[in-house]
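The values are calculated or read from the model by the stated rules, or taken from the named source; none is laboratory data. Predicted, not measured: the structure shown is a model, and the values here were computed from it. Neighbour counts are summed over all protein chains in view; Cβ atoms, including those assigned to glycine, are modelled from backbone coordinates with ideal geometry. Please note that ligands, DNA and RNA were not included when accessible areas were found on the heavy atoms of the full protein model with its side chains. Shrake-Rupley method; radii C 1.70, N 1.55, O 1.52, S 1.80 Å.
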Amino acid sequence: MMLKNTFPLQWLWRNLQGYRSSYIVALSLSVLCNILYITAPYFQSQIIDTFISNENAAENLTLYRDRFILLVAAMILFTLLRTVMQYACNMYYEKASQGMIYKIRTHLFRRIENQDMAFYDRYRTGDLMTRLTGDLDMVRHMVSWVIKGIVESVALFTASMVYFFVIDWRTGLCILAMTPCIFVITRLFSKKAGPAYRQVREKQSALNTAAQENISGNRVVKAFAREDYEIEKFHARNLEYREANIHASMNWLKYQPWIDFLAGALSVVLLLCGGWFMIRQHLTMGQYVAISGLLWAVSNPMRNLGHYVNDCNRFMASAGKIIEIYYAAPMIVDRADAPENETRLQGEVEFVNVSFSIGDKQILKNVSFHIKPGQTVAIMGATGSGKTSLVNLIPRFFDATSGEVLVDGINVRLHRLETLRKSISVATQDVLLYSDTIDSNIAFGDSKMDEDYVKQCARLSAADGFIEQLPEGYDTIVGERGVGLSGGQKQRISLARALAVRPSVLILDDTTSAVDMETEAFIQNSLSRQLDFPCTKIIIAQRISSTKNADQIIILEDGMVSAVGTHEELIGQAGYYREIYELQSGLHCAAENGEEAKQHGTK
C-alpha cells in the first residue's frame, strides 16, 4: 500500500480530534516561547550600549539607574514567563499526544480483534505486537517531540533572523547566506534515510516475531533440546536488525559533520562580518553581543534539522505499518439486511454443495449433508481431508467459496455474526487458556456466570475432580496458555468453557484426544444424557469410541464426502471407517495373524 508523504500527517490530524484545541494551544505556546528568546539579547544590548560600552557609561548609570534596574528586571521576568509558558506547553503536548495514542491503540486493538481468520494467516504475531508498541511510540514521539521541535526551530530561526535584520540587514544577510547549503545537504540525506528506516522497521518486526515464537513455544524447544539452534536463529535476526540500524546511522553520520561544520561556520562569519561592520560603525558593541549571544538560535535549528529528518523518516516507516492495520477491513462482516434481534438458534445445520479454497488450494469439494437440531454427528477422515476447515465454515471463521452453509435453514451470511457465534461453541484440540483463574477461564463466555453453574459445567466435562485437588481450587491461577496443566486437563477445561455458554451447536474438534478412555466415556455420557439444554453436537474424532454412538457419521476423503451412515452401517461396508474400526478393535491384527498362521501351516 503506497502512501503519500502527506497522508500520515493528515491521519495524525484526524486522530487528534478531541485534543486539537490542546495541541493548537501547545503549538502556539511553542511559537511564543521561542520568540521570547530574543528578549534577553535585546535587553542585554541596551544595557551594554548604555551602561557598559558607552563613553558616558558611569554617568548614565547614575542618571538612569531606574532604567538599568527596569532592564535587568525585564530580563528576569521575561525569562520566568518563558519558563512557565514552556512548562504549560509541554503539559499540553503530553495531554494531546497521550490522548491521541490511547485512542489509536484502542482502535487498532478493536480492528485486530474484529478481523477474520485470514487476517491472522497474513500477519505474524510479533509484527502485530510491534505495531501496537514500538510503532505507536514513534507516532507519539512525532506528535509530542518532533513536530514540537520543528515548530520551535522554525519560530526561533525566523524570530532571530528578523531580529538580526532589524539590527543590521547586512549582518543578517551574511548569516542567512549559509542556510541554503544546509538545506541541500539535508535534502540529500532525507532521500536515503527513508528506505533505510523502513528496512530497520522490517528487521525489528522479524526480531520480535522470533522472540515471541520462541517464548510461546519454549516447551517444544526444550523437548527437542534445540536451545542452541534457536539462539543461533535469534542471533541471526538480531544481527540483521543491528546491521540495518548501523546502515541507517551511517547514512546520518555521513551528512551530520557537514551540517555541524556549516552551523559552526556561522561563528566565523559573524566574527569576520560583524567585526568589519563594527569597524565601519554599522553595529554597536551591544548589538554585536546580542547577535553573538543569539547566534545559537540560528545554528541549533540548522543542526537539529538532520535529527528531525531522521525522526520524520522513522515516523513515516512506523505510520505506514500502523495505517495499514488501522484501515484494514475484515472480509467477513454482517450484511446490512441481517436481522437486528435474532432469537436463540435451534441448531439445524446443512451444507449444500459447499466448496472451499484457500488461494489456489481447494480444501472442500461439493460437500452436502443435513444435521437436525439435537442430533450428534461425527466427522472422520484422514489428516488433511478438510474436517477442521468444514466446521470452521459454520461459525463463519471462513466463508465458503461456493455453495451454501445453512443454520436453521438460513444462509450463515444472513445471520448476525454475534448471534451466530454466541450460539456456537468450539472446543479444539489445541487449547488456549488465559493467565487467569480456572473459574474465569470456564466463565470466559459470560463473566457474570454463577459459580455453581461453572462447577456444574466442570463436572460435565470431568474436570471437577482434578480442579478441586489444586491448591486454590477454582481460584487457581493457570500459567500462560495453561502452563502447569496436562494436555487432558486443559482439554477438559476447554470443554467446560464451551458448555458454559449453553450453545445451540457444540463443535468438538478432537477435544478428548488427550484424555484416557474412562474419562472419555464419562464425557460422552454427560454430553448425551446430562445436558440441561438442547444442543446439536458435531464431533471431529479419530477414536471409534468417540463416534460410534453418533446419530450419523460423515466420512471425508480428499475434501469430499465419501460415506454417511451410522456405526453399524459403516462397519458393514468396505471403506475408511471399517479400516479404522478394525485397526482400533484389533480385528485387523487378528486377521493378519490368522493368515500368517495359515501360511505357516501350509508350508
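Taking only protein heavy atoms into account and a 1.4 Å probe, give the accessible area per residue of the chain in Å². Write down the numbers at each step before the final one.
Working: 31530 Å² over 603 residues.
For the chain, the per-residue accessible area is 52 Å².
Within the assembled protein chains, the solvent-accessible surface assigned to residue 447 is about 110 Å², based on a 1.4 Å probe. Accessible-area rank, largest first, for 170, 82: 170, 82, with all protein chains present and a 1.4 angstrom probe.
Given a Förster distance of 41 Å, report the FRET efficiency between residue 372 and residue 432 from their Cβ-Cβ distance, rounded to the nearest 0.05. Intermediate results must be reported in sequence, preceding the final value.
Details: r = 31 Å, r/R0 = 0.76.
Calculated transfer efficiency: 0.85.
For the chain, the 222 nm mean residue ellipticity estimated from helices alone, with every DSSP H stretch of n ≥ 4 adding -39500 (n - 2.57) and the total spread over all residues, rounds to -19500 deg cm²/dmol. Relative contact order for the chain: 14 percent, from Cα pairs under 8 Å spaced at least 6 residues apart, divided by residue count.
Each 5 Å bin from 0 upward holds the following percent of the Cα-Cα pairs of segment 511-580: 3, 14, 25, 23, 18, 12, 4, 0.
In straight-distance terms, cross-link reach from residue 448 covers every one of the aspartates and glutamates whose alpha-carbon lies under 14 Å from its own, apart from those fewer than eight places away in the same chain; here that gives 439. Rolled with a 1.4 Å probe across the full set of protein chains, the surface gives residue 91 an accessible area near 100 Å².
Take the Cβ atoms of residue 477 and residue 238, set R0 to 45 Å, and the FRET efficiency comes out at 0.85. May I ask which residue of 409, 33, 175 lies farthest towards the positive end of the charge dipole of the chain, with charges of +1 (Lys, Arg) and -1 (Asp, Glu) on Cβ and the Cα centre as origin? Farthest towards the positive end: 175.
The distance between label points at residue 250 and residue 169 comes to 4.9 nm (points 7 Å beyond Cα on the Cα→Cβ vector). For the pair residue 103 and residue 573 in one chain, pulling the backbone fully straight at 0.36 nm per residue adds 163.0 nm over the alpha carbon distance.
Shape of segment 337-462 from the C-alpha gyration tensor: prolate (a/c of 1.5 or more and a/b above b/c, with a ≥ b ≥ c the square roots of its eigenvalues). Accessible area ranking (1.4 Å probe, heavy atoms, ligands and nucleic acids excluded), largest first, for 360, 334, 475: 360, 475, 334.
Summarising the amide proton neighbourhood of residue 381: residues at separation of 5 or more, or on other chains, whose placed amide H is nearer than 5 Å comprise 556.
Taking a span of 15 Å or more along the helix axis (Cα atoms) and a mean Kyte-Doolittle hydropathy of at least -1.0 as the rule, the DSSP H helices of the chain that qualify are 20-35, 39-51, 65-113, 147-167, 179-216, 227-269, 296-326, 487-500.
Note on residue 20 and residue 532: with the Förster distance fixed at 41 Å, the Cβ-Cβ geometry gives a FRET efficiency of about 0.15.
Remark: the Cα gyration tensor places segment 470-563 in the prolate category, a/c being 1.5 or greater and a/b exceeding b/c.
When only the Cβ of Lys, Arg, Asp and Glu is charged (+1, +1, -1, -1), the dipole of the chain relative to its Cα centre reaches about 2560 debye.
Roughly how many percent of the accessible protein surface of segment 1-120 is carbon and sulfur, given a 1.4 Å probe and a whole-percent answer? Can you show the working numbers first?
Details: 4680 of 7330 Å².
Heavy-atom surface of segment 1-120 belonging to carbon and sulfur, 1.4 Å probe: 64 percent.
With 22 Å as the limit on Cα-Cα distance, the pairs of 254/321; 455/490; 422/537; 361/387 that go past it are 254/321.
Exposure check, 1.4 Å probe, all protein chains in place: residue 161 carries approximately 10 Å² of accessible surface. Taking a ≥ b ≥ c as the square roots of the eigenvalues of the Cα gyration tensor, the chain is prolate, since a/c reaches 1.5 or more and a/b is larger than b/c.
Projecting the Cα atoms of 302, 325, 313 onto the charge dipole of segment 296-345, computed from C-beta unit charges around the Cα centre, puts 302 farthest toward the positive end.
If each residue of separation counts as 0.36 nm, what is the full-extension length gain between residue 329 and residue 360 once their alpha-carbon separation is subtracted?
On the way: separation 31, 0.36 × 31 = 11.16 nm, distance 2.25 nm.
8.9 nm is the gain from fully extending residue 329 to residue 360.
Projecting the Cα atoms of 513, 570, 499 onto the charge dipole of segment 499-588, computed from C-beta unit charges around the Cα centre, puts 499 farthest toward the positive end.
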